[in-house]
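No lab work stands behind these numbers, since they all come straight from the coordinates. Keep in mind that this is a model prediction, so the values were computed, not measured. Here the Cβ positions follow ideal geometry from the backbone for every residue, glycine too, while neighbour counts run over all protein chains shown.
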Amino acid sequence: MHPSVQSSSGVSGDAMRLADRASALLAPEGPIGRTMPGFEARPAQLQMARAVAETLEEGGVLLVEAPTGSGKGLAYLAALAVYLSRRHEFKAAASTATITLQEQLVRKDLPVVSDAVGGLPTALLKGMGRYLCLLKWRGLAQGLALITPADLETFDRWVAATKSGDQNELPGVPSWWGEVAADHGDCLGPACSLQLQCFALQAKEAARRAQLLVTNHHLLLLHRRFAGSATSPLPNAAPVVIDEGHHLADIATEVYGESCSDFALVALGQRLHGLAPSSKDPLHQQIEAAIAVHGSVMNAIRPKGFEPIPVPTLGSALSEGYLEALRRLSGDIGKRTWDVIRDRSGTSANERAAILIRMLDGYIAAIHSILAPATGTASWVEPAHQRNVTMVLRNAPIEIGGSLDGLFGEGAPPTILCSATLATGGSFAHLKAKLGVQKARELILRPVFDYQAQMRYYLPRTPLDPKHKEFTDQVATELLGLLRASEGRALVLFTSYEQLRAVAERVRGKLPYALLVQDQGSTTALLQRFREDVHSVLLATARFWEGVDIVGEALSLLVVVRLPFEVPTHPLARARFEAARSRGENAFQTIVVPEAIMKLRQGVGRLIRATSDHGVVAILDGRVLTRSYGRRFMQALPAAPPLQTHDEVAAFLNGTGVVGSRR
Ligand code: SF4
């Protein structure tokens with residue numbers, strides 16, 4: 001046992017179970033408490049650390065809902081650290097969905113936890129695509145479709161100076177980054193002449209030497225899918241804690257699917273021309289011909305409107321002709337003999353041809369699975385509005401559960417999935433069905449905040465019906481009353497831009513508070529203004545339903561305009577509903593409602609972020625009262641007393657005359 005990990009009972013280290021050692025690490029006078037400024041021992045944190053440690057020791061799957069403020073990051077890192085501290089040959093990983101949380105773990109929690117067990121080799125494992133591929137840059141930069149000469153020069157200076165090749169060092173990620181980024185799909189590996197200088201491989205080596213890795217869900221799933229051998233930085237046998245676990249299904253849908261833009265082949269074609277610049281060269285003509293067929297295929301599947309549509313069925317002559325032209329092109333590049341002499345860029349035509357063949361083959365595989373979707377998958381096209389990209393083609397599994405056996409199946413290493421919102425109505429049933437989890441220990445930790453005292457609900461006395469033609473006017477009237485009562489200080493969550501704009505038009509100029517509207521700036525800039533101007537009102541949609549962390553008075557009123565039901569027009573959502581129906585389920589009850597409940601819980605969770613916070617949640621969508629499913633929504637939210645009028649809202653927020661207010 002490391003001397004810094006002591007049990008309160010004085011039991012010697014080896015005799016102590018992992019759970020006791022993890023608790024000892026997090027005890028009030030334990031090694032973390034003695035060194036971490038502001039550390040407070042929390043019962044929920046200890047309970048979670050013990051449960052994680054037991055799962056690491058005994059195996060299986062653990063699902064933990066750990067509410068905001070429970071300190072779950074420190075809990076699982078402590079358990080992982082004690083698990084690894086005496087098993088130097090073992091590895092484990094903590095995975096998150098967002099870079100913000102990864103950075104917080106690596107900067108704040110991990111160093112303290114590592115010191116507490118006497119030093120643990122740790123690393124942040126990022127995706128290869130975060131690093132520059134020197135071979136692509138040196139050999140193919142001139143062929144980049146979107147680069148300007150000035151960009152070329154500035155970027156070249158960065159390439160000469162950087163030690164890490166990590167895109168994080170750049171002030172902004174250029175639109176053409178994807179074309180020079182390292183990619184496991186086309187990396188030449190040992191055949192690459194720049195292998196010894198390769199940034200991605202150096203980072204991978206550092207990760208291979210580490211015992212405890214922090215990574216992201218995308219990479220974790222990619223490793224589980226393709227690369228998790230014993231020598232990989234993240235072996236398949238390594239136990240893993242998946243934080244922000246409510247994002248896992250969506251990220252798995254991306255990882256186990258394929259995607260490409262309509263511009264991808266055109267950009268690649270430009271670089272392929274670098275191999276055969278003369279228009280008389282038959283290869284040059286072959287590339288031109290392939291791009292022409294590509295144009296016809298893209299025109300045949302382009303959506304007419306603004307919504308994603310299923311990939312239209314193409315005539316077999318067109319789709320087979322297209323794939324055949326691309327395969328022939330790849331084969332013909334491979335058959336030609338390329339020069340192995342390096343030019344001034346340090347690369348040879350042979351290497352450039354090799355990497356371009358891999359890129360082309362990757363594209364062919366993706367487009368094949370999109371145009372001819374396998375059973376159990378769905379393909380669709382989404383309109384896009386980026387430079388040169390007008391649509392994105394995608395394919396994904398309809399049910400993701402079957403793909404996640406490496407995490408949740410029989411024989412998988414210990415897997416712990418946690419988040420502040422994982423359960424619906426106190427049950428993990430929906431999550432388990434979605435992720436294909438058969439058997440798991442389950443833990444729902446008690447809320448850290450005193451919602452009975454800190455929070456109130458307000459629902460309009462006459463329920464508003466979102467289907468009513470005057471709903472938008474009614475929302476605007478309610479909102480004006482509420483915002484006067486709260487003196488601004490409000491985040492108003494919408495489910496569509498259209499409705500947001502319509503309501504913004506109706507309330508603008510009628511209140512003495514700054515009105516911030518989501519499309520007026522970047523998320524960071526808007527949140528900064530919202531925090532600083534305490535009485536401002538922020539109208540927002542999608543990404544503001546989660547991840548917004550505003551402590552204090554600036555967020556005193558949270559308004560939910562409509563229940564966040566997914567609109568079942570997306571081809572993948574439709575395919576999922578169809579699959580549920582064919583299993584004899586009512587897709588609305590088994591998919592739509594639980595998903596909306598999770599999203600509502602995320603949204604409502606924006607309000608109380610600290611024990612000093614207090615505020616009101618106003619739900620304007622009357623369906624929580626008038627529909628049978630409405631009760632499921634309210635039961636899934638933290639219990640707190642209701643308010644009846646705008647005056648009561650004002651009184652509660654001002655701390656006058658309302659029982660339970662802490663102000
Ligand atoms: S080893 Fe792979 S990623 Fe690294 S420079 Fe070579 S081709 Fe690019």
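Things worth noting here:
- Cross-chain or 6+ apart pairs with Cβ under 9 Å, region 177-200 first and without any contact (Cβ under 8 Å) to a residue 24 or more places away in the chain and within 17 Å of Ala141 (Cα to Cα), then in a helix (DSSP H, G or I) and more than 6 Å from the ligand (Cβ to nearest atom): Trp177/Gly129; Trp177/Gln167
- Single unsatisfied condition, Gly185 versus (1) closer than 30 Å to Gly245 by Cβ; (2) surrounded by 17 or more Cβ atoms within 10 Å (Cβ to Cβ); (3) within 13 Å of the ligand (Cβ to nearest atom): (2)
- Residue match in region 86-105 (condition: among the aromatic types (Phe, Trp, Tyr), within 16 Å of the ligand (Cβ to nearest atom) and over 24 Å from the mean Cα position of the chain (by Cα)): no
- Test: Thr162 is closer than 30 Å to Arg441 by Cβ and not aliphatic (A, V, I, L, M): no
- Qualifying residue in region 129-140 (condition: within 16 Å of the ligand (Cβ to nearest atom), of a type in the set (Ser, Thr, Tyr) and in contact with a Gly (Cβ under 9 Å, 6 or more places away or on another chain)): yes
- Summed over region 123-158, residues that are surrounded by fewer than 16 Cβ atoms within 10 Å (Cβ to Cβ) and either assigned to a helix (DSSP H, G or I) or in contact with a strand residue (DSSP E or B) (Cβ under 9 Å, 6 or more places away or on another chain) (or both) total 10.
- Listed here are the strands (runs of 3 or more DSSP E) enclosed by region 413-529 that have at least 1 residues being more than 21 Å from Thr645 (Cβ to Cβ): 415-419, 441-444, 490-493, 515-517.
- If only residues of region 233-268 that are surrounded by 19 or more Cβ atoms within 10 Å (Cβ to Cβ) and small (Gly, Ala, Ser) are counted, the one that is farthest from His184 (Cα to Cα) is Gly245.
- Within region 198-226, the only residue that satisfies the criterion of being within 15 Å of the ligand (Cβ to nearest atom) and outside any helix (DSSP H, G or I) is Cys198.
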